[in-house]
Amino acid sequence: MPIRHLQFSRRLVVGGAAAFALVRPALAQPTPACGRVTAAQTEGPFFKPRSPLRASLIEPGMAGEPLRITGRVLTRFCQPVSGAMLEFWQADAAGAYDNSGYRFRGHQLADAEGRYDLATILPGRYPGRARHIHVKVAAPGRPPLTTQLYFPGDAGNARDGIWRRELEITLAKGDGRFDFVLDLG
Ligand SMILES: [Fe+2]
């Protein structure tokens, strides 16, 4: 190998190490390990307060593909939000909301580790929207984060102006996961 080439390579290595040294002080800063606060989204027209306290929205005779979503409610610094309230509402398998009663509506409280566990069905689509589940998440005594959860690969995602990939649950064989990060230190 020509000597000139070797010298050039050594300069590149030295330059790289110097660049890394410049970056290191920034890396030493404490990092919010849970990343970004979960994005808020519109409540939509179908929210109803005073939903029943229940982790399962499934009632006998309901149609639909079973779906479970689990996850945690966390602060920006990954601390669990014990006792956070999660209130879910969604369309039935045919894409209709129950506006006279409380079908597919319910709230639950996160446990001491911030965990929640929702049993429901895959919501149906309705015109103009991606498949989604509405949710409000509130730390005790704090105003709620209102947002919506989406489904990876749903055909409606690309056509829905408010769909956001960061609000997709991860999904494997009917088991969904999503962690909420509230704007709390
Ligand atoms: Fe909706």
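The values are calculated or read from the model by the stated rules, or taken from the named source; none is laboratory data. Values in this document were obtained by computation on a predicted structure and should not be read as measured data. Because the Cβ atoms are built from the backbone with ideal geometry, glycine has one as well, and the counts that use them run over all protein chains shown.
Whenever a residue of the stretch 115-127 is of a type in the set (Lys, Arg), its partners that are assigned to a strand (DSSP E or B) and more than 10 Å from the ligand (Cβ to nearest atom), lying with C-beta atoms within less than 9 angstrom and at least six residues away or across chains, give the pairs 115/70; 115/71; 115/72; 115/73; 115/80.
Check whether at least one residue in the stretch 98-107 is surrounded by fewer than 15 Cβ atoms within 10 Å (Cβ to Cβ), within 23 Å of residue 152 (Cβ to Cβ) and out of contact with any helix residue (DSSP H, G or I) (no Cβ under 6 Å at 6 or more places or on another chain), and report yes or no. No, the stretch 98-107 contains no residue that is surrounded by fewer than 15 Cβ atoms within 10 Å (Cβ to Cβ), within 23 Å of residue 152 (Cβ to Cβ) and out of contact with any helix residue (DSSP H, G or I) (no Cβ under 6 Å at 6 or more places or on another chain). For the stretch 155-168: of the residues being surrounded by fewer than 17 Cβ atoms within 10 Å (Cβ to Cβ) and of a type outside the set (A, V, I, L, M), which is nearest to residue 94 (Cα to Cα)? Looking at residues that are surrounded by fewer than 17 Cβ atoms within 10 Å (Cβ to Cβ) and of a type outside the set (A, V, I, L, M), I get 159. All told, residue 165 falls short of being among the basic types (Lys, Arg) and touching a residue at least 24 places away in the same chain (Cβ under 8 Å). Considering only residues that are part of a loop (DSSP other than H, G, I, E, B), in contact (Cβ under 8 Å) with a residue 24 or more places away in the chain and surrounded by fewer than 18 Cβ atoms within 10 Å (Cβ to Cβ), which ones fall in the stretch 137-146? Answer for the stretch 137-146, where residues must be part of a loop (DSSP other than H, G, I, E, B), in contact (Cβ under 8 Å) with a residue 24 or more places away in the chain and surrounded by fewer than 18 Cβ atoms within 10 Å (Cβ to Cβ): 140, 142, 144. Comparison of 149, 171, 86 shows that the only residue that is within 16 Å of the chain's Cα centre (by Cα), within 14 Å of the ligand (Cβ to nearest atom) and surrounded by 15 or more Cβ atoms within 10 Å (Cβ to Cβ) is 149. Filtered by the rule that a residue be touching an Asp or Glu at 6+ places or on another chain (Cβ under 8 Å), of a type outside the set (Val, Ile, Thr), within 16 Å of the ligand (Cβ to nearest atom) and modelled with pLDDT of 95 or more, the stretch 94-131 gives 98, 103, 104, 105, 106, 122, 123, 124, 129, 130, 131.
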